[in-house]
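**Student:** Please read through the structure below; I'll follow up with questions.
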Amino acid sequence: MSNLDNLDKIVSLSKARGFIFQSSEIYGGLSAVYDYGPLGVELKKNIRDQWWKEMTQRHDNIVGVDAAIFMHPKVWEASGHVGGFNDPMIDDKQSKKRYRADMIIEQYIAKLEKDGKEDQAKELQEQLDTAGSRKSLTEDLYDIIMENEIRAPESGAFDWTEVRQFNLMFKTQFGATSSEEDGVYLRPETAQGIFVNYKNVLDTARVQVPFGIAQTGKAFRNEVVARQFVFRMREFEQMEMQYFVKPGTDQDSYEEWLQKRLAWHKSIGIREENLRTAPHPDDKLAHYARAAADIQYKYPIGWQEVEGIHNRTDFDLTQHQEFSGKKLDYYDQKNQERYTPYVIETSIGLDRCTLMVLCDAYREEEVDGDERVVLKMDPRLAPVQVGVFPLIKKPELQEVAHKIDKDLREEFTVQYDESGSIGKRYRRLDEAGTPFCITVDFDTIEKDDKVTIRYRDDMSQVRIPIEKVADVVRDGMKGWSPS
Ligand code: ATP
């Protein structure tokens, strides 16, 4: 069993094996920005492919788009991001550290609870809840921090600035001149690229409500509290699907997508006990949402959102209609009625999902007195699916191994390895999550034309004919479940 109390082991395995590196590491890194290495890029691609297959290929009424990162600045006014995509921040003047003001209060409440001061904690929680639902949020949060003399978590100082709203969007210049109108944002979510293409898709893709548009791509947020590895990054990748439905059918569709998405997480081999859904209480809903729930994973840092499912009503299409002046409604020919569709959104972060797969797969086991670190992940996600080894570096064995390696590469990701003892080679690929290893030995060439396939999960070994290798691996890819 893995016993991950924090992300340290995942961070070091990721670096040591080439899953994930800190961005610009040779310059000391760039905070909350990460690069994917040779194993990471394959893992991420396999997860993305599984998502894409599930969200487009398996449906005859969901199509894909790939919208640009830059969008017309008006998009972000319409979406509410220019006015409202803000977090209330407060700075500790002594340590110069910046915190989310509401988080500071939450932490203080948790401490009160731990100290048995439940009444005080409850009262403060009520104050915080009502502050969150009023316009004067920054002043209210500031007052709570002052009245309770809440100190900075790290420095212990009580020396705060005012609470200020901090916009999470990155802005950059567009074109050669730099007048204010030229400013564009790096998109903070991929969803708006779908809304602005809703009419294009409707006019060209022969879809009828209900239908969906799916997209994967980069999003950028100038996150203030951005630690915790790839859980919270400033540049990350989202996989989103907006499903356009007739008003009145929206709640049923929302419930259905929530269940479908939860089932998908289990289908890629995430252990059921580490997944749960968490509906947002009505008073915590975003202004545009009628209902929302997180799909949460039990990360080593606690239960956290990996995906959000939202009933966004007709908010986005109505806003874009108003700001662009273009009609974005829908004419239902069969029933001869016109309406603006409601949108059910499923929104997952690919990096958070990759982190979930790594955490869920990570195991430390004792084998013959030695520790084995192994990533037990769904074989379809494994960055290297098959390892091929000659038992030792002898030309006759190498030749057969190379031939097997070449044949398998047409269908699977393969790594050929001939250096070090067989045991070491198995361990290296265990850490990469490789489900199958094929070894060519002297019996292969002298006796039986068979090779040994060794299975990652239980380390069992079976001899199989060379011509059956691809079939056995293909079969092994299906129906995996975590042990
Ligand atoms: P959180 O409350 O954790 O900040 P959010 O509610 O702002 O997340 P959404 O705006 O609903 O997140 O974005 C959808 C998904 O995008 C999230 O479920 C998450 O997987 C991913 N995501 C959001 N922000 C980040 C980030 N800074 N780094 C990595 N992934 C992110």
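**Student:** Across region 381-397, what is the total count of residues that are open to solvent by 40 Å² or more (accessible area, probe 1.4 Å) and not in a loop (DSSP other than H, G, I, E, B)?
**Tutor:** So the count comes out to 2.
One line per residue, one yes/no per condition, for (1) modelled with pLDDT of 95 or more; (2) in contact with a Pro (Cβ under 7 Å, 6 or more places away or on another chain); (3) aliphatic (A, V, I, L, M); (4) open to solvent by 50 Å² or more (accessible area, probe 1.4 Å):
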{"site": "ASP316", "(1), (2), (3), (4)": "yes, no, no, no"}
{"site": "LEU328", "(1), (2), (3), (4)": "yes, no, yes, no"}
{"site": "GLN333", "(1), (2), (3), (4)": "no, no, no, yes"}
{"site": "THR340", "(1), (2), (3), (4)": "yes, no, no, no"}
{"site": "ILE344", "(1), (2), (3), (4)": "yes, no, yes, no"}
{"site": "GLY349", "(1), (2), (3), (4)": "yes, no, no, no"}
{"site": "CYS353", "(1), (2), (3), (4)": "yes, no, no, no"}
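**Student:** List the number of the failed condition for LEU381; all other conditions in (1) free of Cβ contacts under 8 Å to residues at least 24 places away in the same chain; (2) touching a helix residue (DSSP H, G or I) at 6+ places or on another chain (Cβ under 6 Å) hold.
**Tutor:** Checking LEU381 against (1) free of Cβ contacts under 8 Å to residues at least 24 places away in the same chain; (2) touching a helix residue (DSSP H, G or I) at 6+ places or on another chain (Cβ under 6 Å), the one that fails is (1).
**Student:** Could you check how many residues of region 49-69 are within 21 Å of the chain's Cα centre (by Cα), outside any helix (DSSP H, G or I) and of a type in the set (Asp, Glu)?
**Tutor:** 1
**Student:** Further question: Taking PHE323 as meeting all but one of (1) in contact with a Lys or Arg (Cβ under 7 Å, 6 or more places away or on another chain); (2) free of Cβ contacts under 8 Å to residues at least 24 places away in the same chain; (3) open to solvent by 60 Å² or more (accessible area, probe 1.4 Å), write down the number of the exception.
**Tutor:** The one condition PHE323 does not meet is (2).
**Student:** Let me ask something else about it. For the condition surrounded by fewer than 16 Cβ atoms within 10 Å (Cβ to Cβ) and under 30 Å from ASN197 (Cα atoms), what is the one hit in ILE69, ILE62?
**Tutor:** Result of the check over ILE69, ILE62: ILE69.
**Student:** If I go through region 276-318 residue by residue, how many of them are more than 24 Å from GLY349 (Cβ to Cβ) and of a type in the set (S, T, N, Q)?
**Tutor:** Residues in region 276-318 being more than 24 Å from GLY349 (Cβ to Cβ) and of a type in the set (S, T, N, Q): 1 in total.
**Student:** Same structure again: So ASP60 passes all but one of these: (1) free of Cβ contacts under 8 Å to residues at least 60 places away in the same chain; (2) touching a Leu at 6+ places or on another chain (Cβ under 6 Å). Which condition number does it fail?
**Tutor:** So ASP60 meets the others, but not (2).
**Student:** Please go through region 453-483 and give me each residue that is under 33 Å from the mean Cα position of the chain (by Cα), in a helix (DSSP H, G or I) and free of Cβ contacts under 8 Å to residues at least 12 places away in the same chain, ordered by number.
**Tutor:** Within region 453-483, ASP471, ASP475 meet the criteria.
**Student:** Let me ask something else about it. Would you mind listing the helices (runs of 4 or more DSSP H) fully within region 160-268 where at least 3 residues are of a type in the set (Lys, Arg)?
**Tutor:** Helices (runs of 4 or more DSSP H) meeting the threshold: 250-267.
**Student:** Another question about this same structure. Considering region 70-88 alone, what residues qualify as being aliphatic (A, V, I, L, M) and more than 25 Å from the chain's Cα centre (by Cα)?
**Tutor:** Of everything in region 70-88, just one residue is aliphatic (A, V, I, L, M) and more than 25 Å from the chain's Cα centre (by Cα), namely ALA78.
**Student:** Could you check, for region 399-417, whether at least one of its residues is in contact with a strand residue (DSSP E or B) (Cβ under 8 Å, 6 or more places away or on another chain), farther than 30 Å from SER267 by Cβ, open to solvent by less than 20 Å² (accessible area, probe 1.4 Å) and part of a loop (DSSP other than H, G, I, E, B)?
**Tutor:** Taking every residue of region 399-417 in turn, at least one turns out to be in contact with a strand residue (DSSP E or B) (Cβ under 8 Å, 6 or more places away or on another chain), farther than 30 Å from SER267 by Cβ, open to solvent by less than 20 Å² (accessible area, probe 1.4 Å) and part of a loop (DSSP other than H, G, I, E, B).
**Student:** Moving to a separate point now. So PHE174 passes all but one of these: (1) aromatic (Phe, Trp, Tyr); (2) within 16 Å of the ligand (Cβ to nearest atom); (3) touching an Asp or Glu at 6+ places or on another chain (Cβ under 6 Å). Which condition number does it fail?
**Tutor:** Of the numbered conditions (1) aromatic (Phe, Trp, Tyr); (2) within 16 Å of the ligand (Cβ to nearest atom); (3) touching an Asp or Glu at 6+ places or on another chain (Cβ under 6 Å), the odd one out for PHE174 is (2).
**Student:** Can I ask one more? Conditions: (1) touching a residue at least 40 places away in the same chain (Cβ under 8 Å); (2) open to solvent by less than 30 Å² (accessible area, probe 1.4 Å). PHE442 meets all but one. Number of the miss?
**Tutor:** Among (1) touching a residue at least 40 places away in the same chain (Cβ under 8 Å); (2) open to solvent by less than 30 Å² (accessible area, probe 1.4 Å), the lone unmet condition for PHE442 is (2).
**Student:** For ASP294, work out the one condition from (1) under 22 Å from GLN192 (Cα atoms); (2) touching a helix residue (DSSP H, G or I) at 6+ places or on another chain (Cβ under 9 Å); (3) acidic (Asp, Glu) it doesn't fulfil.
**Tutor:** (2)
**Student:** Kindly list, by first and then second residue, each pair from a residue in region 274-293 that is open to solvent by 50 Å² or more (accessible area, probe 1.4 Å) to a residue that is among the small types (Gly, Ala, Ser), limited to pairs with Cβ atoms under 6 Å and residues at least 6 apart or on different chains.
**Tutor:** From residues that are open to solvent by 50 Å² or more (accessible area, probe 1.4 Å), the pairs are THR277/ALA293; PRO279/ALA293; HIS280/ALA292; ASP283/SER133.
**Student:** I've got another one for you. Go through region 208-242 and count every residue that is more than 16 Å from the ligand (Cβ to nearest atom) and either open to solvent by 20 Å² or more (accessible area, probe 1.4 Å) or of a type in the set (Phe, Trp, Tyr) (or both).
**Tutor:** So the answer is 4.
**Student:** Residues of region 289-315 being within 19 Å of GLN242 (Cβ to Cβ) and more than 12 Å from the ligand (Cβ to nearest atom), which ones?
**Tutor:** ARG290, ALA291, ASN311, THR313, ASP314, PHE315
**Student:** Pick out the one residue from GLY325, GLY349 that is more than 16 Å from the ligand (Cβ to nearest atom) and in the same structural domain as GLN304 (by TED's automatic domain parsing).
**Tutor:** GLY325
**Student:** Another one. If I ask for residues that are modelled with pLDDT under 95 and over 25 Å from ILE90 (Cα atoms), which ones from region 209-242 would you list?
**Tutor:** Of everything in region 209-242, nothing turns out to be modelled with pLDDT under 95 and over 25 Å from ILE90 (Cα atoms).
The values are calculated or read from the model by the stated rules, or taken from the named source; none is laboratory data. Here the structure is a predicted model, which is why all the values come from computation and not from measurement. Reconstructed Cβ throughout: ideal geometry from the backbone, glycine too, with neighbour counts over all protein chains shown. Just the protein is used for accessible areas: all its heavy atoms, side chains included, with ligands, DNA and RNA removed. Shrake-Rupley method; radii C 1.70, N 1.55, O 1.52, S 1.80 Å.
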